[in-house]
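As structure tokens, the structure follows; a few thoughts come after it.
A short reminder: the numbers here are calculations on the coordinates, not readings from a lab. Everything quoted here is computed from the prediction, not taken from an experiment. Every residue, glycine among them, receives a Cβ derived from its backbone with ideal geometry; neighbour counts consider all protein chains shown.
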Amino acid sequence: MSQLAPRPKFPVVKFPEPGASVTGTVAFPPEDLPVTEFGTRTPVLWPDGTPKMQTKVVLNTDEGTFALYARDRILTAIRKAVGDSGAPDVEVGGQITVEFTEYGKPKAGAQPPKLYEAKYIPPAGDDDGPPF
């Protein structure tokens with residue numbers, strides 16, 4: 001998708017409590033975007049000045065089309081699921097399930113982290129082998 005194309009907006013997947021999950025089919029190629037501060041949309045930067053990044057994955061689910069923003073622990077869970085599936089990356093037509101499994105151990109004075117597990121099934125492809 002080029003920078004000239006209008007950007008459709010989708011509701012964002014939320015994981016309010018342990019056990020919350022989403023399963024959907026990847027509708028568009030994943031899109032890497034900078035993480036922004038809520039309200040101001042100012043990019044969040046690493047100490048060296050480079051922007052923190054996240055990957056937007058749009059999923060078609062039984063309840064509609066939603067955007068899943070993968071960063072931090074969700075990104076780690078999806079990355080592991082993609083690796084476990086043998087796929088090279090998340091692809092259009094693949095199926096992703098992400099579940100908020102539990103709260104982790106909090107660091108001093110902080111909220112406990114949300115922990116996630118994911119599963120990825122690559123899109124069904126042509127299994128005829130290489131074209132030679």
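When the chain is treated as a Gaussian network with alpha carbon springs shorter than 10 Å, the biggest mean-square fluctuation among 36, 55, 23 belongs to 36. Taking amide hydrogens as placed 1.01 Å from N in the peptide plane, the amide H of residue 58 sits under 5 Å from those of 27, 28, 68, each at least 5 positions away in sequence or on another chain.
Residue by residue, the stretch 86-96 carries 3J(HN,Hα) couplings of x, 6, x, 5, 6, 10, 4, x, x, 10, 10 Hz when phi is fed to the Karplus relation 6.51 cos²θ - 1.76 cosθ + 1.60 (θ = phi - 60°); x denotes Gly or Pro.
Computed extension gain for residue 50 through residue 21, at 0.36 nm per residue and net of the alpha carbon distance, reaches 7.3 nm. Computed from backbone phi with θ = phi - 60° and the Karplus coefficients 6.51, -1.76 and 1.60, the 3J(HN,Hα) list for the stretch 48-62 is 7, x, 7, x, 6, 10, 9, 10, 8, 10, 8, 10, 8, 10, 5 Hz; x is used for glycine and proline.
Of the GluC sites (Glu not before Pro) found in the stretch 1-97, the ones in coil according to DSSP and having at most 12 other Cβ atoms within 10 Å of their Cβ are 37, 63. The length gained by stretching the chain between residue 38 and residue 92 to full extension, at 0.36 nm per residue less their Cα-Cα distance, is 16.6 nm. Think of the chain as a dipole: +1 on every Lys or Arg Cβ, -1 on every Asp or Glu Cβ, centred on the Cα centre; then among 95, 45, 16, 45 lies furthest on the positive end.
If you bin all the Cα-Cα distances of the chain at 10 Å, starting from zero, the percentages per bin are 11, 36, 35, 14, 3, 0, 0.
Between residue 80 and residue 65, residue separation times 0.36 nm minus the direct Cα-Cα distance comes to 3.0 nm. Residue pairs exceeding 20 angstrom between C-alpha atoms, taken from 9/114; 9/119; 9/56: 9/114; 9/119.
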